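Everything on this sheet refers to the single structure shown next.
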Amino acid sequence: MPPDWRTLAEQMVKEQIAARGIGDPRVLTAMQSVPRHLFVPEAYREAAYGDHPLPIGAGQTISQPFIVAYMTALLRLQGNEKVLEIGTGSGYQAAVLAHLAQEVHTVERLPQLAAQARERLAALGLNNVRVHVGDGSRGLPEHAPYDAILVTAAAPEVPPPLPEQLNEGGRLIAPVGDRGYQHLERWTHRRGHLQREILEAVAFVPLLGEHGWPAS
Ligand code: SAM
């Protein structure tokens, strides 16, 4: 690891995340603890702690650090939760979640990205994350229900199987909209009802699958 990665991560948290209003100390510590440069291709390592998304191969991206922190904070994790992430990509968001929850399941449709993410997470000793290959627009019913679900690819609507896999009190965050431009939605499962909030504008790559956009 570069000797200065901890300084870069600390600066990233201070200038890009805390300065923009994310105050949850657990989220800030988690963002500071994950070596982001290990989740990007070699060619982008120097840019890993910058204020932007980066390509990770296969036409996919690792999200901007602020967006990762913002979406993570919206889940309000306390440490004892079972979390589902849809769209493993590089594995970076899953690594952040691993610091904040008890058990993390993450689903990726592209086997090569899933394999790389699995290796990175294992190398960091994050043994509470399991990487699954499949169509995450169907959720992951075999391990449901979840206390929190985070979708990191955009669909025209929240895939209907996902809220069904939320526990009582569970939170779901997903980008919803067209292929270029979306809004984040937070759904909260309260006493049998789903409460929906519409939050920030975002731009995510498409969720491809049965309950997302067609794959071809
Ligand atoms: N969370 C990732 C990270 O930390 O690097 C970034 C996610 S990237 C913006 C979106 C990912 O969702 C891509 O890797 C893409 O292949 C994946 N994806 C798209 N449709 C999917 C689906 N139906 N099921 C699972 N993964 C999907």
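Rule-based calculations on the coordinates, nothing more; no lab input. This one's a predicted model, so the numbers in the text were calculated from it and none came from an experiment. Quick reminder, even Gly has a Cβ in these numbers, built from the backbone with ideal geometry, and neighbours come from all protein chains shown.
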Determine the pairs where a residue that is within 19 Å of ILE56 (Cα to Cα), located within the stretch 120-140, has a partner that is within 14 Å of the ligand (Cβ to nearest atom) and in a loop (DSSP other than H, G, I, E, B) with Cβ atoms under 6 Å apart, the partner being 6 or more residues away or on another chain. ARG120/GLY91; LEU121/GLY91; VAL131/THR88
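Within the stretch 11-31, can you find the residues that are out of contact with any Asp or Glu (no Cβ under 6 Å at 6 or more places or on another chain) and surrounded by 15 or more Cβ atoms within 10 Å (Cβ to Cβ)? Before the answer, list the steps.
Restricting attention to the stretch 11-31, the residues satisfying the condition of being out of contact with any Asp or Glu (no Cβ under 6 Å at 6 or more places or on another chain) are 11-15, 17-31.
Result: MET12, VAL13, ILE17, ALA18, ILE22, ASP24, ARG26, VAL27, LEU28, ALA30, MET31.
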Among the residues of the stretch 83-102, is any more than 14 Å from the chain's Cα centre (by Cα) and charged (D, E, K, R)? no
The correct count of residues that are within 16 Å of the chain's Cα centre (by Cα) and on the phi < 0 side of the Ramachandran plot in the stretch 39-80 is 24
Looking at GLN116 and the list (1) of a type in the set (S, T, N, Q); (2) in contact (Cβ under 8 Å) with a residue 60 or more places away in the chain; (3) more than 23 Å from VAL27 (Cβ to Cβ), which single condition is not satisfied? (2)
Only one of these conditions is not met by GLU108: (1) within 11 Å of the ligand (Cβ to nearest atom); (2) surrounded by fewer than 24 Cβ atoms within 10 Å (Cβ to Cβ). Which number is it? (2)
Could you please find all residues in the stretch 111-140 being within 8 Å of the ligand (Cβ to nearest atom) and within 13 Å of LEU38 (Cβ to Cβ)? ALA117
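Within the stretch 200-216, work out how many residues are in a loop (DSSP other than H, G, I, E, B) and either β-branched (Val, Ile, Thr) or within 17 Å of LEU75 (Cβ to Cβ) (or both). Quick ask: steps written out before the conclusion?
Going through the stretch 200-216, the residues in a loop (DSSP other than H, G, I, E, B) turn out to be 203-205, 207, 209-212, 214-216.
With either β-branched (Val, Ile, Thr) or within 17 Å of LEU75 (Cβ to Cβ) (or both) added as a condition, the list becomes 204-205.
Qualifying residue count, the stretch 200-216: 2.
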If the requirement is being polar (S, T, N, Q) and more than 21 Å from PRO206 (Cα to Cα), which of these qualifies: GLN102, GLN116, GLN60? GLN102
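Is there a residue being in a helix (DSSP H, G or I) and touching a helix residue (DSSP H, G or I) at 6+ places or on another chain (Cβ under 8 Å) anywhere in the stretch 47-63?
Initial filter on the stretch 47-63 (in a helix (DSSP H, G or I)): 47.
Within this subset, residues satisfying the condition of being touching a helix residue (DSSP H, G or I) at 6+ places or on another chain (Cβ under 8 Å) are none.
Looking through the stretch 47-63, none of the residues is in a helix (DSSP H, G or I) and touching a helix residue (DSSP H, G or I) at 6+ places or on another chain (Cβ under 8 Å).
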